[in-house]
Amino acid sequence: MKGLLLLAVAGLAAAEDGLNAWLRYAPIQNAQAFQARLPTGLVALNTTSGSPVSTAARELTQGLGGIFGVRLAASAEPRGRNAVTVGTVAQFTDANPTVRIHIPELKEDGFHINVEGGSVRILGQNERGALYGAFHYLSLVAQGNVSDFSLTSNPQAPVRWVNQWDNTQDGGTHGSVERGYGGKSVFFWEGRIREDLTRAGQYARLLASIGINAVVVNNVNANATLLHPELMDSLARIANVFRPYGIQLGFSLNFAAPQLYGGLSTFDPLDKSVINFWQNVTDNLYARIPDMAGYLVKASSEGQPGPLTYNRTLADGANLFARTLQKYNGICVFRAFVYDHRNLNQTVDWKADRANAAVQFFNGLDNKFEPNVVVQIKYGPIDFQVREPVSPLFSHLRKTSTAVELQITQEYLGQQAHVVYLAPMWKELLDFDLRVDSKPSRLSDILNGSRFNTSISGYAGVVNVGMNTTWLGSHLAMSNLYAYGKFAWSAASDPKDILTEWIKLTFSDDADVLRVITEISMQSWPAYENYSGNLGIQTLADILLGHYGPNPGSQDGNPWGQWTRADADTIGMDRTVKNGTGNAGQYPSEIASMYENIETTPDNLLLWFHHVPYTQKLKSGKTVIQHFYDAHYNGSAVAQTFPKLWESLKGKIDKERYEHVLYRLVYQAGHSLVWRDSVNNFYLNKSSIPDEKGRVGNYKYRIEAESMDLKGYRVYNVHPFEAASGAKAIVTTSNSTQGTASTVLGVETGKYDLSVNYYDQVIGNSTWELFLDETMVGKWKGDQEYILGKAGSPYIDGQTATRITFKGVQVTKGSTLKIVGTPDGLEPAPVDYVSVLPEGVID
Ligand code: GCV
């Protein structure tokens, strides 16, 4: 104990791998001083193994032991003086028939905590609530709050689910977890459910601690073979691992399973044999998993089968499953992400608009759904972009329960290789007032059921953790999962408060640690928006490949409908009613007129709703194009500050996590420059309007690789052109030839930072060496694909472009800088440019 305390006081935390995330139960400063106020006994009101109350008791023992070194002894006394008592209100009353306690109203899953010195009472409305209460209590004491208090907490909504997009098999286009950046699925392997479900249990523990009550374990692009009886048996094993944590299992269905798996000739939702097929499936699943939460269905979307194949409505599709679930109190969550990705054509139809699809497809269906259907709607009308308006569909479904779909896995938002704290974005969306019928209609009030009086609304978060011990692929990304749980419990939560709590629990309450991680996190979303796509143009990522690096041109000219309609003079989607796709008109009238009118549309959504000249003036007085240039410079400049901020924490964070985060922040700083230059050069090229500040296209510290003396290297034209400085890079002349690129430096003698921009493809692990005359400055490998979990690319493009910097290198005027590239596999050691930067300059 003493040793542990010393460690904490000295701030020399032991190496950690992230597995316990915010549930580390690490010793806190001055832990000894609190001893007199801590319970010494434990009364678990249900000791049945596997019950959430017994889980709560175990957590309390482990938590108080870890944080304070207290050994809780099981207490026989039912009231538990100087003990922590945990159970349901009913269990407490049964055990203490003569004791009267006053507890404010508890809703399903709610809890009450009362602390008086060492006597602590944690009572839930149900067992799950008791477990939530225990986690809440532990979170408070882990933050040093051991004073007397009494609090009651109720969740705002019953649906607090997470979705995993896990595939049963690795490989294919999307690997083990579609849009997952934290390793292989914790549930499935080689077409089966993993034998060892330890990680699934640990995941359940994390989720329970933030109030999540169900996990849909398989991808919405669902594999029908999971309906095999043997696999159903194994699914029950997952449910068994979840149950002690009060987590229910949810299951994604493939709409065509009656045909693909059941051997029927049809999957028409109104066909009797299809109805029987699904009832049978549901009966079989519930026979194995009696507390299953229900189904999640993606239908008639992105090539997935659905009711539209048979000219049936989406309600027909949803009700098919909902009816089979009714006798089990299960719910059918039906996704609103329905659009046609094959026939949208921007060239022939100015009014074509993917953003209109959901409202169009759900038109007229509001009173057609069974009561146990929840329509799950992505927060914006397109697809998890860095900035979208709230989906108008939330204002159309007034008799139907709805859930908002948020994305914790950062598909378009840096894939955990860029730190982007999403809670501020979610807060803006949840606070947005849709003004339905000109009455207050905040999204959060629609989701908690109060605005339209719906009973099973809520939250769905696409999380996509994997076997990586960091869960999501990056330690800092875990604040997003934590924040998601907090928002699903209460939309009134404050992003910065959540962050503070998370930092204290995950790292420490050291003032510098708090300040630095807060500063980085709170600046991260605006910075990312600035360098990846602002004014509502969307994240300008490559939408045809990994959804990761810059490729502004990929948005247009295809039926995916994430268009920008940028041409030589103009940019933006005209979504007005008067002249455009009419999307603004899908909103309630007050909001519709705000978006219809260019003057009242907020600048950050200008190009979402309006098609304007690049010279259009913003409210700031800047033109659109100049705003682009400036924002991309500003956003990437903020990212440059992150590594330095983090380095100030050296010694205050355990080495393992310190190095892991630093690697990513350095990478992000470099890649933000790739973003900046790609997007700015793309629009400079389109618009031919120069940057007023003369930066875009002029890089005075750069030496283009293609202009160096090349041996064994050749010049390569990069596509898209803007993914390379000067549109060109160099590659080795064959995949067995070592290449050399050299140049004589004309800079004055002094210290410089040497940055090399190169490409790290997934098709090999080339080696690069940098020399000044005959002295090696550094040597590195193209191995980022093993370190960063982001989507890989085999190409020389914005996804693979990256930078390495050697700081404070002494350079003598007239010395020769030489890069030696050794290819590996199919990767030809590509290089874009070298920057010789006076110290402090970044370009
Ligand atoms: C699971 C986007 C993603 C897909 C995802 C889809 C969805 O298009 O890129 O990977 O599929 O959304 O939400 O269904």
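The values are calculated or read from the model by the stated rules, or taken from the named source; none is laboratory data. All figures in this text were calculated on a predicted structure; none of them were measured in a lab. Note that we place each Cβ from the backbone using ideal geometry, even for glycine, and neighbour counts take in every protein chain shown. The area values use the complete protein model at the heavy-atom level, side chains included, leaving out ligands, DNA and RNA. Shrake-Rupley method; radii C 1.70, N 1.55, O 1.52, S 1.80 Å.
Brief remarks on what is shown
- Scope the stretch 202-215; condition under 26 Å from Leu788 (Cα atoms) and either in contact with an Asp or Glu (Cβ under 9 Å, 6 or more places away or on another chain) or open to solvent by 10 Å² or more (accessible area, probe 1.4 Å) (or both); matching residues: Gln202, Arg205
- Some residue of the stretch 275-298 being within 30 Å of Pro389 (Cβ to Cβ), more than 16 Å from the ligand (Cβ to nearest atom), open to solvent by less than 30 Å² (accessible area, probe 1.4 Å) and not in a loop (DSSP other than H, G, I, E, B): yes
- Scanning the stretch 447-469 for residues that are part of a loop (DSSP other than H, G, I, E, B) and on the phi > 0 side of the Ramachandran plot yields Gly449, Asn453, Asn464.
- On the stretch given as the stretch 585-599, residues that are within 20 Å of Lys619 (Cα to Cα) and touching a Ser or Thr at 6+ places or on another chain (Cβ under 9 Å) total 7.
- Residue match in the stretch 176-198 (condition: farther than 30 Å from Leu260 by Cβ and surrounded by fewer than 19 Cβ atoms within 10 Å (Cβ to Cβ)): yes
- Search result, residues across the stretch 414-428 that are part of a loop (DSSP other than H, G, I, E, B) and farther than 21 Å from Val159 by Cα: Gly414, Gln415, Gln416, Ala417, His418, Val419, Val420, Tyr421
- Scanning the stretch 299-318 for residues that are of a type outside the set (Phe, Trp, Tyr), away from the ligand (no atom under 13 Å from the Cβ) and open to solvent by 10 Å² or more (accessible area, probe 1.4 Å) turns up Pro305, Leu308, Thr309, Asn311, Arg312, Thr313, Asp316.
- Residue selected from the stretch 358-384 under the condition hydrophobic (A, V, I, L, M, F, W, C), open to solvent by 10 Å² or more (accessible area, probe 1.4 Å) and not in a loop (DSSP other than H, G, I, E, B), by the criterion nearest to the ligand (Cβ to nearest atom): Ala358
- Any hit, the stretch 391-407, residues being within 16 Å of the ligand (Cβ to nearest atom), open to solvent by less than 10 Å² (accessible area, probe 1.4 Å) and on the phi > 0 side of the Ramachandran plot: no
- Flag for Gly171 being open to solvent by 10 Å² or more (accessible area, probe 1.4 Å) and either part of a strand (DSSP E or B) or within 16 Å of the ligand (Cβ to nearest atom) (or both): yes
- Extreme residue, farthest from Pro307 (Cα to Cα), among residues of the stretch 196-253 that are of a type in the set (Val, Ile, Thr) and away from the ligand (no atom under 16 Å from the Cβ): Thr198
- Residue within the stretch 632-655 that is more than 29 Å from the chain's Cα centre (by Cα), surrounded by fewer than 22 Cβ atoms within 10 Å (Cβ to Cβ) and part of a helix (DSSP H, G or I) present: no
- Out of Arg121, Arg128, one residue alone is open to solvent by 20 Å² or more (accessible area, probe 1.4 Å), in contact (Cβ under 8 Å) with a residue 40 or more places away in the chain and farther than 29 Å from Phe452 by Cα. It is Arg121.
- Which listed residue, of Tyr421, Tyr459, Tyr412, is away from the ligand (no atom under 16 Å from the Cβ) and either open to solvent by 10 Å² or more (accessible area, probe 1.4 Å) or under 22 Å from the mean Cα position of the chain (by Cα) (or both): Tyr421
- Test: residue in the stretch 331-338 that is in a helix (DSSP H, G or I) and of a type outside the set (Gly, Ala, Ser): no
- Qualifying residue in the stretch 429-446 (condition: more than 16 Å from the ligand (Cβ to nearest atom), assigned to a helix (DSSP H, G or I), of a type in the set (Lys, Arg) and in contact (Cβ under 8 Å) with a residue 60 or more places away in the chain): no
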